[in-house]
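Here is the structure we will look at.
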Amino acid sequence: MIDRTVLKEHLVKWVLVAFALSSLLFLFLIFIFILAEGLPLFLKVGLNKIIFGMKWAPTKGHFGIFPMIISSFLVTIGALIIGAPLGLSCAIYLSEYAGKRTRMLLKPAIELLAGIPSVVFGFLGVIYIVPLVRNYLGGSGFSLISTCLVLGVMILPTIISISFDALVSVPRTYREGSAAMGATKWQTIYKVIIPSAKSGILASFILGMGRAIGETMAVIMIAGNALKIPTGILDPLRTLTGNIALELAYATGDHRLGLFSTGVVLMVIIMILNYIANFGIKRKIAK
């Protein structure tokens, strides 16, 4: 006779396995759905004309999304340039310098920042950042620099939280050993703690990058949505996500298929970036 305890253990195990596999199933179904909707246009128009095409006019048979691909990368890189140093600096302060009471006050506030809807960031960007850029730098204010500033703030909670956990997880003996050898506190942080936590810090940058490249609402409100490659920080632009969100509601026929093709390209880009990032993390750990 099978022991009831063993039976329950097996039952719990297989239930958990089913839940774990369900996430993979949902991801697979989403990818298949988008691919099935977007692939026909790739076969009809051609891969090169869609990915490297410079003109987006679906009603006239032009489906080029290259300007939007470049714009998405520029926005993501700009957000990381702004958010990564600020986020890492804040994480270092919280883990190494802040007292218990300060940490108890700041940590929940940062986590609360992550829960603010993106439309609120977009609204604040339109009210404050866009006029500042317009008045002091020129242009319309709806530009690459405005978008990067807003996204740089939006990715801060992700970078700070994960970097903080990575820094705190460094064993205390590392700090004590460095201090025993005569290193200052900053030398210990720069030479010992940060290199030891580099895999977690890199992971925080990757997740922040994913948040930036996948953001839609705030980008639509601030970017200016111009269908061209920005040649300067004051130029307007349109990202892949913004293009889908702006036009999907009224798109039909090949226009609709073109938006799904945009979604396919976006998913492939994110998968490639994640693969490169994970490969980089594994190499860092191995070293």
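The values are calculated or read from the model by the stated rules, or taken from the named source; none is laboratory data. Because the structure is a prediction, the values reported are computed rather than measured. Ideal geometry is used to build each Cβ from the backbone, glycine not excepted, and the neighbour counts take in all protein chains shown.
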| note | Those residues of the range 50-99 which are touching a residue at least 24 places away in the same chain (Cβ under 8 Å), among the small types (Gly, Ala, Ser), in a helix (DSSP H, G or I) and over 22 Å from Pro236 (Cβ atoms) amount to Ala84, Gly87, Ala91, Ser95
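Filter the range 127-144 down to residues that are surrounded by fewer than 17 Cβ atoms within 10 Å (Cβ to Cβ) and part of a helix (DSSP H, G or I), then give me how many there are.
Initially, the range 127-144 is screened for residues surrounded by fewer than 17 Cβ atoms within 10 Å (Cβ to Cβ), giving 127-128, 131-132, 134-138, 140.
Still in the list and also part of a helix (DSSP H, G or I): 127-128, 131-132, 134-136.
Selection size over the range 127-144: 7.
Does Ile50 fit the bill of being hydrophobic (A, V, I, L, M, F, W, C), crowded, with 20+ Cβ neighbours inside 10 Å and out of contact with any Asp or Glu (no Cβ under 7 Å at 6 or more places or on another chain)? Walk me through it before giving the result.
On the way: hydrophobic (A, V, I, L, M, F, W, C): yes; crowded, with 20+ Cβ neighbours inside 10 Å: yes; out of contact with any Asp or Glu (no Cβ under 7 Å at 6 or more places or on another chain): yes.
So Ile50 fits the description; yes.
Mind listing whichever residues of the range 202-240 are assigned to a loop (DSSP other than H, G, I, E, B), charged (D, E, K, R) and either under 20 Å from Pro58 (Cα atoms) or within 18 Å of the chain's Cα centre (by Cα) (or both)? Quick ask: steps written out before the conclusion?
Here is the first cut: in the range 202-240, the residues assigned to a loop (DSSP other than H, G, I, E, B) are 215-216, 223, 225-236, 238-239.
Cutting the leftovers down to charged (D, E, K, R) gives us 215, 228, 235, 238.
The answer is Glu215, Lys228, Arg238.
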| request: With the condition kept exactly as written, say whether any residue in the range 170-183 is under 29 Å from the mean Cα position of the chain (by Cα), in a helix (DSSP H, G or I), closer than 30 Å to Ile276 by Cα and free of Cβ contacts under 8 Å to residues at least 60 places away in the same chain. | output: no
| remark: Filtering the range 23-79 down to residues that are out of contact with any helix residue (DSSP H, G or I) (no Cβ under 6 Å at 6 or more places or on another chain) and of a type in the set (Val, Ile, Thr) yields Ile30, Ile32, Val45, Ile51, Thr59, Ile69, Ile70, Ile77
| query | Based on what the data block shows, is Val17 surrounded by 10 or more Cβ atoms within 10 Å (Cβ to Cβ), more than 29 Å from the chain's Cα centre (by Cα) and of a type in the set (Val, Ile, Thr)? | reply | no
| remark: In the set Asn243, Asn278, the lone residue that is within 25 Å of Leu29 (Cβ to Cβ), at pLDDT 85 or above and assigned to a helix (DSSP H, G or I) is Asn243
| query | Looking at Ala166, Ala180, Ala197, which one is over 16 Å from Leu80 (Cβ atoms), surrounded by fewer than 18 Cβ atoms within 10 Å (Cβ to Cβ) and among the aliphatic types (A, V, I, L, M)? | reply | Ala180
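Confirm whether Ser204 is under 30 Å from Glu96 (Cα atoms), in contact (Cβ under 8 Å) with a residue 12 or more places away in the chain and crowded, with 19+ Cβ neighbours inside 10 Å. First the steps, then the outcome.
Working: under 30 Å from Glu96 (Cα atoms): yes; in contact (Cβ under 8 Å) with a residue 12 or more places away in the chain: yes; crowded, with 19+ Cβ neighbours inside 10 Å: yes.
So Ser204 fits the description; yes.
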| remark: Thr262 fails exactly one of (1) over 21 Å from Lys55 (Cα atoms); (2) of a type in the set (Ser, Thr, Tyr); (3) touching a residue at least 40 places away in the same chain (Cβ under 8 Å), namely (1)
| request: State yes or no: is Cys148 under 26 Å from Asp235 (Cα atoms) and either of a type in the set (A, V, I, L, M, F, W, C) or surrounded by fewer than 17 Cβ atoms within 10 Å (Cβ to Cβ) (or both)? | output: yes
| said: Within the range 67-77, does at least one residue satisfy the condition of being aromatic (Phe, Trp, Tyr) and surrounded by fewer than 11 Cβ atoms within 10 Å (Cβ to Cβ)? | reply: no
